[in-house]
Ligand code: NAP
């Protein structure tokens, strides 16, 4: 075990939960961020500590800069930040753009895009050799929607993830010589609770035929890719966007 810190935003459920558990097993002290589901976050912490690891749950809404600053301050008290899994994200009900309220569009962009950008900024301030850090890895969570656009489902979601791709390319290059690697994953259809927000019953199963592998992915399969991007095995990889989508990309 090291005192290296990994922050996982949205670490209480789904892909973030799977990543937090694996990071805990790999010896990181894991800061499990959540916004509403305290019981789920505490369960992740309990699983990590029961396996001999270290973890804390920190409540915070990534749509709010003040919450992000408090989240990173909590991590600072534990040790040096080496990993940010920039994962917290939401979808909304299936809608065309001309049916969406401004409040809905703002919420999606605030959580998925603004939150991820501010979290990445705070991570760079701690990891970059320019700021006295010793390097680290930022893994952004994009989506296959960043390239197919999610027409008829949620183009604002697709756009919020397209911005994550561009952030990854630009920031990856900006800090490449400062020990910080910035990459993104583009998951396809992964079996998590996020699909419930679409309001389409059984959406995951319904999508199977459209996936070349004819099945959805698991949160663990995405977390394995996260672990690779956090590890020295990917030491020459930065500014990259990697689909984890069963061939649907
Ligand atoms: P999920 O199962 O619904 O979990 C979402 C997580 O994000 C939860 O831990 C939730 O916390 C947290 N969260 C939501 N809003 C937040 C906020 N404002 N501040 C902080 N945390 C917040 O979702 P998932 O499927 O694992 O998705 C994780 C990421 O992968 C998202 O960025 C999503 O867009 C992306 N993605 C998912 C899929 C897929 O098919 N599942 C595909 C492509 C991309 P609480 O538990 O407190 O609610």
C-alpha long axis of helix 219-230 to longest principal axis of the chain, angle in °
40
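Stretch residue 129-residue 228 to full length: gain in nm at 0.36 nm per residue minus the Cα-Cα span?
Working: separation 99, 0.36 × 99 = 35.64 nm, distance 2.21 nm.
Computed gain between residue 129 and residue 228 is 33.4 nm.
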State, to one decimal in nm, how far the label point of residue 209 lies from the label point of residue 178, with both points 7 Å from Cα in the Cβ direction.
5.0
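Between rounded, prolate and oblate, where does region 80-167 land on the alpha carbon gyration tensor, with a ≥ b ≥ c its root eigenvalues, rounded for a/c under 1.5, else prolate if a/b exceeds b/c?
Numbers: a/c = 3.52, a/b = 2.57, b/c = 1.37.
Prolate, because a/c is 1.5 or more and a/b exceeds b/c.
Answer rounded, prolate or oblate for region 57-119, using the Cα gyration tensor with square roots of eigenvalues a ≥ b ≥ c: rounded when a/c is under 1.5, else prolate when a/b is larger than b/c, else oblate. Walk me through the intermediate numbers first.
Values: a/c = 3.39, a/b = 2.75, b/c = 1.23.
Prolate.
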Rounded, prolate or oblate: which one fits region 1-125, using the alpha carbon gyration tensor with axes a ≥ b ≥ c (rounded when a/c is under 1.5, else prolate when a/b beats b/c, else oblate)?
prolate
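Sorted by mean Cβ packing within 10 Å, highest first, what order do the peptides 205-211, 110-116, 239-245 take? Intermediate values should be presented prior to the final figure.
Details: 205-211: 12.7, 110-116: 22.3, 239-245: 18.6.
Final packing ranking: 110-116, 239-245, 205-211.
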Relative to the chain, whose Cα atoms define the longest principal axis, helix 14-25 and its Cα axis are tilted in degrees, nearest 10, by 20
Compute log10 of I(q)/I(0) for region 154-249 with the Debye formula, placing one identical point scatterer on every Cα and leaving out solvent, at q = 0.15, 0.20 Å⁻¹, to two decimals.
-0.69, -1.05
Could you compute Rg(Cα) / (2.2 N^0.38 Å) for the chain, with N its residue count?
0.95
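Arrange the peptides 164-173, 194-203 so that the one whose residues have, on average, the most other Cβ atoms within 10 Å appears first.
Details: 164-173: 18.3, 194-203: 14.6.
Answer by packing, highest mean first, reads 164-173, 194-203.
No lab work stands behind these numbers, since they all come straight from the coordinates. Please read all numbers here as calculations on a predicted model, not as lab measurements. A quick note on method: Cβ atoms are made from the backbone with ideal geometry, for glycine too, and the neighbour counts reach across all protein chains shown.
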